[in-house]
Amino acid sequence: MVYEQKINDLLQYANKHLHYDKETGVITRKTTVSQYQAGQRTGYVHRDGYRHIGVMGKQYKEHRLIWLLVYGAWPKGDIDHINHDKADNRLCNLRDVSTSGNMQNQIRAHKKNVSGLIGVTKHFKSPKKPWRARIRINKQEIYLGTFASKEEAF
């Protein structure tokens, strides 16, 4: 009950003070608040690469606030940027997906992955076939086999 009230308060505040342009993906202020003038773009680019906006004493990712402004509800999962551009917050580029669904939209492997390929890891137990391929669907890992080269595994 408290959670729903906080979301409702956030929505009311956002509707009163923020304007979202669906074509450009930009949020501007309707009212002057602190250092932001009415009509000025609000927020900043955080070190995580996403724009963040301070609302009611708390920082929110811009794309999550956009979802709230447009649909009147907090997103159920992750907000995925379909084209992988964190700065592109046009509504046509955003979708509410599960964490698993968001991970399936990756374009590069994790930085600690020595193969550099999604789903391909080094398999040290097999010297003849040192590359292992796996995928994860709905929290279930599916083993695809071991391979002589990482290109074969991919």
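Partners of Lys150 within straight-line reach, counting lysines whose Cα lies under 21 Å from its Cα and excluding those fewer than 8 residues away in the same chain: Lys111, Lys112, Lys122, Lys125, Lys128, Lys129. Comparing His52, His123, His63 in a Gaussian network model of the chain (Cα springs below 10 Å), the most mobile by mean-square fluctuation is His123. Annotation note: trypsin sites (Lys or Arg not before Pro) in region 122-152 located in DSSP loop regions with a Cβ neighbour count of at most 16 within 10 Å are Lys125, Lys128, Lys139.
When the trypsin sites (Lys or Arg not before Pro) in region 1-92 are filtered for DSSP coil states and for at most 11 other beta-carbon atoms within 10 Å of their beta-carbon, the remaining sites are Arg47, Lys76.
For the chain, report the accessible area per residue in Å² (1.4 Å probe, heavy atoms, rounded to an integer).
Numbers: 10190 Å² over 154 residues.
Roughly 66 Å² per residue, with all protein chains present.
The angle between the Cα long axis of helix 2-17 and the main principal axis of the chain comes to about 60°, on a 0 to 90 degree scale.
For the chain, a simple Cβ point-charge model (Lys and Arg +1, Asp and Glu -1, everything else neutral) yields a dipole of about 660 debye relative to the Cα centre. Between helix 62-71 and the chain, what is the angle of the helix's C-alpha long axis to the longest principal axis, kept within 0 to 90° and rounded to the nearest 10? So the inclination is approximately 70 degrees.
Rank Val97, Val120 by accessible area, highest first, at a 1.4 Å probe radius?
Numbers: Val97 25, Val120 0 Å².
Result of the area sort, largest leading: Val97, Val120.
Start at zero, step by 5 Å, and the Cα-Cα distances of the chain spread as 2, 8, 14, 17, 14, 11, 8, 8, 7, 5, 4, 2, 1, 0 percent across the bins. When the chain is treated as a Gaussian network with alpha carbon springs shorter than 10 Å, the biggest mean-square fluctuation among Ile137, Ile27, Ile53 belongs to Ile137. Average 1/r across all pairs of distinct alpha carbons in region 1-76, invert it, and you get the Kirkwood radius: 12.7 Å. For Lys16, a cut-off of 18 angstrom between C-alpha atoms picks up these aspartates and glutamates, skipping any fewer than 8 places away in its own chain: Glu62.
Share of the chain's accessible area from carbon and sulfur, percent, 1.4 Å? List each step's numbers first, then the result.
Working: 5370 of 10190 Å².
So the carbon and sulfur contribution to the accessible surface is 53 percent.
Computed over the chain with a Gaussian network model linking Cα atoms closer than 10 Å, the most mobile of Leu91, Leu68, Leu144 is Leu144.
The values are calculated or read from the model by the stated rules, or taken from the named source; none is laboratory data. Quantities reported herein were computed from a predicted structural model and do not represent experimental measurements. Cβ coordinates were reconstructed from backbone atoms using ideal geometry, including for glycine residues, and neighbour counts include every protein chain displayed. Ligands, DNA and RNA are excluded from the accessible area calculation, which covers all protein heavy atoms including side chains. Shrake-Rupley method; radii C 1.70, N 1.55, O 1.52, S 1.80 Å.
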